[in-house]
Amino acid sequence: MKVEIDYSNCLDFITEKEITEETIRSISQLDKLVNRTGEGNEFTGWLDLPENASGDIEKIEKTAQRLRKQSDITVVIGIGGSYLGAKAVIEALKPPVNIPGKENEHEVLFAGQNISEEYLSVIKEYLSDRTFNIIVISKSGTTTEPAIAFRILRKLLESKVSNKAARNHIVAVTDKEKGALRKLAEIEGYDTFIIPNNVGGRYSVLTPVGLLPIAVAGLDIRELIRGAVSMVKNTRDNRSVTNPALTYAAIRTILYKKGKYIEMLVNYEPSLQYILEWWKQLVGESEGKSGRGIFPASANFTTDLHSMGQYMQDGERFIMETVVSVKEHSSKLTIPHDKDNLDNLNFLAGKRLSEVNARAEEGTVMAHREGGVPVTRILLPAITENWLGSLLYFFEISCAISGYILGVNPFNQPGVEAYKKNMFRLLGKPE
Ligand code: PA5
């Protein structure tokens, strides 16, 4: 089994020949990326992360075990690329509710991904009678949102245990030398992990930024990396039309040129919601610049078919759709027979929910295609650490290639500074 692309539902809009030609053209962009001759090449360290991760793994696992032992709750503080990767993998793999009595449960909360007084007050109240760990993540070490959350939660922690003991509960993930967080970690003697210089935030899920919180949540980071390694072979090391990342980049490029300006990434498994959020950051910050770029949007189906479904079927025709389609499901739940059959659903009795969900997906794909929306399906064998590792690396590499095809630097984000400037001016920040 492998992650595959099914573009059969795009063929009313583009031809096989167009896809093959664009895929062949994109090999030169892959070369640029791999040979480090493209724009932003100083931030392409992520390309080799799956193979280079092994050095960090043991230390990450040891630290994760220590944190899990000393408390049953960890707050991960970070935003953007220092938040979404961990959140995405944890949400995908942890049950949506804690199963009572299940051993080794460890709760992971997130903070610092907004400046909401309501949000942080609730977190603070929840933690008020508990001892907790903090993993604070910031590459620059100066980002406002996590810095505020860290100030508040660190004070709370220090009010419960001594300052000295609090040190054992705090781990900082930051730059090797620069930034306020590095400085503070050195003064306080926190355990630290380094975010490599050559890896930007949104490409950092396979560094300690993603791996440490994922390991603390009790998930298997070795499998995640193994999955990424297998995708390296299929993509980074594959200069042929069989490279799925090139095919996907080619399809979205052709569709974009034909006026499909919005890409709606959708799932039929709610646990993948934050994988979609992670992808939106990846694509939005990598491609959206110089007045160009596909607008990345997302939807959770079938839930959002009851809200966005009308627009998808019938609204402006500037949308392409990409479905993350999960093949195998580990849970088993069948629909029961009902003697009264008032809802007329006895024809479904005995069927698994996954079968009904699969038919909903099939029917929606057909309807959207007929309604003028080209649909690409990314076939994901299952939601496991291994397959998610493959999927994340697949998206990273196809996004970088798409950026190069578009003619932008996929590794900078000059646009995100504008709001900060205004915010600081309005808050009266001294020069
Ligand atoms: O992708 C990026 O570079 C950004 O989204 C950053 O990850 C985000 O702004 C957080 O930055 P930092 O890790 O420096 O706090």
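The values are calculated or read from the model by the stated rules, or taken from the named source; none is laboratory data. Fair warning: this is a prediction, and the values are worked out from it, not measured in the lab. All Cβ positions, even for glycine, are placed from backbone atoms using ideal geometry, and neighbour counts span all protein chains on display. SASA here: full protein model, heavy atoms, side chains in, ligands and nucleic acids out. Shrake-Rupley method; radii C 1.70, N 1.55, O 1.52, S 1.80 Å.
Got a sec? Which helices (runs of 4 or more DSSP H) wholly within the range 18-104 have at least 3 residues that are basic (Lys, Arg) and either at pLDDT 95 or above or farther than 18 Å from ASN198 by Cα (or both)?
In the range 18-104, the matching helices (runs of 4 or more DSSP H) lie at 54-70.
For VAL416, which of the numbered conditions (1) modelled with pLDDT under 95; (2) assigned to a loop (DSSP other than H, G, I, E, B) fails to hold?
(2)
For the range 125-166, which residues satisfy the criterion of being within 14 Å of the ligand (Cβ to nearest atom) and assigned to a strand (DSSP E or B)?
Correct list: ILE135, VAL136, ILE137, SER138.
Take ASN9 and tell me if it is of a type in the set (S, T, N, Q), on the phi < 0 side of the Ramachandran plot and either open to solvent by 50 Å² or more (accessible area, probe 1.4 Å) or modelled with pLDDT under 95 (or both).
The answer is no for ASN9.
Matching residues to (1) of a type in the set (Phe, Trp, Tyr); (2) open to solvent by less than 40 Å² (accessible area, probe 1.4 Å); (3) not in a helix (DSSP H, G or I):
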{"position": "ASP304", "(1), (2), (3)": "no, yes, no"}
{"position": "TYR311", "(1), (2), (3)": "yes, no, no"}
{"position": "LEU342", "(1), (2), (3)": "no, no, yes"}
{"position": "GLY350", "(1), (2), (3)": "no, no, yes"}
{"position": "MET366", "(1), (2), (3)": "no, no, no"}
{"position": "ARG377", "(1), (2), (3)": "no, no, yes"}
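Return yes or no: is LYS176 within 16 Å of the ligand (Cβ to nearest atom) and of a type outside the set (A, V, I, L, M)?
Against the criterion (within 16 Å of the ligand (Cβ to nearest atom) and of a type outside the set (A, V, I, L, M)), LYS176 qualifies.
Mind checking whether some residue in the range 200-214 is in a helix (DSSP H, G or I), away from the ligand (no atom under 16 Å from the Cβ), touching a residue at least 24 places away in the same chain (Cβ under 8 Å) and farther than 16 Å from VAL108 by Cβ?
no
Could you list all residues from the range 331-340 that are within 38 Å of the chain's Cα centre (by Cα) and surrounded by fewer than 11 Cβ atoms within 10 Å (Cβ to Cβ)?
Residues satisfying the conditions are SER331, LYS332, LEU333, PRO336.
Within the range 14-26, can one find any residue that is in contact with a strand residue (DSSP E or B) (Cβ under 7 Å, 6 or more places away or on another chain), open to solvent by 40 Å² or more (accessible area, probe 1.4 Å), without any contact (Cβ under 8 Å) to a residue 24 or more places away in the chain and of a type in the set (Lys, Arg)?
No, there is no match, as no residue in the range 14-26 is in contact with a strand residue (DSSP E or B) (Cβ under 7 Å, 6 or more places away or on another chain), open to solvent by 40 Å² or more (accessible area, probe 1.4 Å), without any contact (Cβ under 8 Å) to a residue 24 or more places away in the chain and of a type in the set (Lys, Arg).
Which members of the range 105-124 meet the condition of being more than 15 Å from the ligand (Cβ to nearest atom), part of a loop (DSSP other than H, G, I, E, B) and open to solvent by less than 50 Å² (accessible area, probe 1.4 Å)?
Within the range 105-124, HIS106, SER116 qualify.
Of the numbered conditions (1) in contact (Cβ under 8 Å) with a residue 40 or more places away in the chain; (2) open to solvent by 10 Å² or more (accessible area, probe 1.4 Å), ALA228 satisfies every one except a single condition; which is it?
(2)
Can you name the residue in the range 413-427 that is surrounded by fewer than 19 Cβ atoms within 10 Å (Cβ to Cβ) and touching a residue at least 40 places away in the same chain (Cβ under 8 Å) and, of all such residues, is nearest to the chain's Cα centre (by Cα)?
Going through the qualifying residues, I end up with VAL416.
Kindly indicate which of VAL326, VAL266, VAL283 is outside any loop (DSSP other than H, G, I, E, B), open to solvent by less than 50 Å² (accessible area, probe 1.4 Å) and either among the aromatic types (Phe, Trp, Tyr) or within 16 Å of the ligand (Cβ to nearest atom) (or both).
VAL283
Hey, among the residues in the range 159-177 that are open to solvent by 40 Å² or more (accessible area, probe 1.4 Å) and either over 26 Å from the mean Cα position of the chain (by Cα) or outside the structural domain of LEU211 (by TED's automatic domain parsing) (or both), which one's farthest from SER128 (Cα to Cα)?
Out of the qualifying residues, it is GLU177.
In this structure, does VAL356 turn out to be farther than 30 Å from GLY218 by Cβ, modelled with pLDDT of 95 or more, assigned to a helix (DSSP H, G or I) and open to solvent by 20 Å² or more (accessible area, probe 1.4 Å)?
yes
Report, by residue number, each residue of the range 395-412 that is in contact with a helix residue (DSSP H, G or I) (Cβ under 6 Å, 6 or more places away or on another chain) and either open to solvent by less than 20 Å² (accessible area, probe 1.4 Å) or farther than 26 Å from PRO244 by Cα (or both).
Correct list: PHE395, GLU396, ILE397, SER398, CYS399, ALA400, ILE401, SER402, GLY403, TYR404, PRO410, PHE411.
Does any residue of the range 322-330 turn out to be over 27 Å from the mean Cα position of the chain (by Cα) and not assigned by TED's automatic domain parsing to the domain that holds GLY81?
Within the range 322-330, not a single residue is over 27 Å from the mean Cα position of the chain (by Cα) and not assigned by TED's automatic domain parsing to the domain that holds GLY81.
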